[in-house]
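Here, each number is a calculation from the coordinates, and none is a lab measurement. Computed from a predicted structure; not experimentally measured. Here the Cβ positions follow ideal geometry from the backbone for every residue, glycine too, while neighbour counts run over all protein chains shown.
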Amino acid sequence: MMPVIRLNDATFADLSALKTWYGTKTPSETIDRIVREAMEQLDMERDDAAEEVTVTTSDGAMHFDAAPGLAFTKPLAASINGKALHSLCWSALLLTMIAQVKTKGLSGDKLVRELAIPAKVERYDEEGFKFRPDLGISVQGQSASDCWKEVERLSKKWAIPVSVKFWWKQNPKAQYPGKTGILRSGPASA
């Protein structure tokens with residue numbers, strides 16, 4: 001039996017706002033996501049994390065509906081809008097997704113406003129920002145989890161299919177050391 005918790009109205013309203021931002025369906029899923037992210041930031045492992053796995057393929061890759069802890073992971077293969085990425089890192093996945101959004105007619109201020117990560121229209125190379133000439137904006141570096149969160153959000157909003165297969169490094173702080181995972185978002189054609 002699941003425990004029942006009481007929330008005041010203001011906290012429930014905040015939870016509903018976060019539910020919309022995260023794209024979760026229920027308050028329980030939203031709380032799970034918030035707790036998972038907090039634990040990841042604290043380098044803690046969740047005991048029941050295996051419940052998040054939906055399918056394991058014949059090659060042992062685990063498919064996730066919701067992103068697991070992505071600390072200590074490395075992308076092995078990725079595609080956005082049906083095109084394979086040659087640079088396999090989380091930041092390349094994010095920058096490629098931003099480039100796809102740019103092809104929808106957004107640039108400069110409009111592109112920066114579309115992003116839920118720190119970005120600036122001008123050339124800015126301090127505080128973790130790097131100017132991206134191909135995008136015409138400066139983007140601040142993000143963790144693997146934050147890269148995926150923004151990639152997933154843009155994928156859903158702009159109907160851009162994305163798929164990434166990744167590997168957890170052999171690190172005791174990794175959620176599944178040595179295992180492989182798969183995340184997908186957007187239209188099913190990814």
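So here's what we get for this one:
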read-out	value
3J(HN,Hα) from dihedral phi, segment 124-130, Karplus parametrisation 6.51/-1.76/1.60, rounded to Hz, x for glycine, proline	8, 10, 10, 6, x, 7, 9
Amide H contacts of Leu76 (H built 1.01 Å from N, under 5 Å, at least 5 apart or other chain)	Lys165, Phe166, Trp167
Cα gyration tensor, segment 45-185 - rounded (a/c under 1.5), prolate or oblate	prolate
Length added when fully stretched, Cys89-Met39, from 0.36 nm per residue minus Cα-Cα	15.7 nm
Under the Karplus curve 6.51 cos²θ - 1.76 cosθ + 1.60, θ = phi - 60°, whole-Hz ³J(HN,Hα) for segment 160-170, x wherever Gly or Pro sits	10, x, 9, 9, 9, 10, 9, 10, 7, 5, 6
Residue-averaged 222 nm ellipticity for the chain, from DSSP H runs of 4+ at -39500 (n - 2.57), nearest 500	-10500 deg cm²/dmol
Förster radius 22 Å - calculated FRET efficiency between Ser107 and Trp158, Cβ distance, rounded to 0.05	0.90
Whole-Hz ³J(HN,Hα) from phi, Karplus 6.51 cos²θ - 1.76 cosθ + 1.60, for segment 108-114, glycine and proline x	x, 4, 5, 5, 4, 5, 6
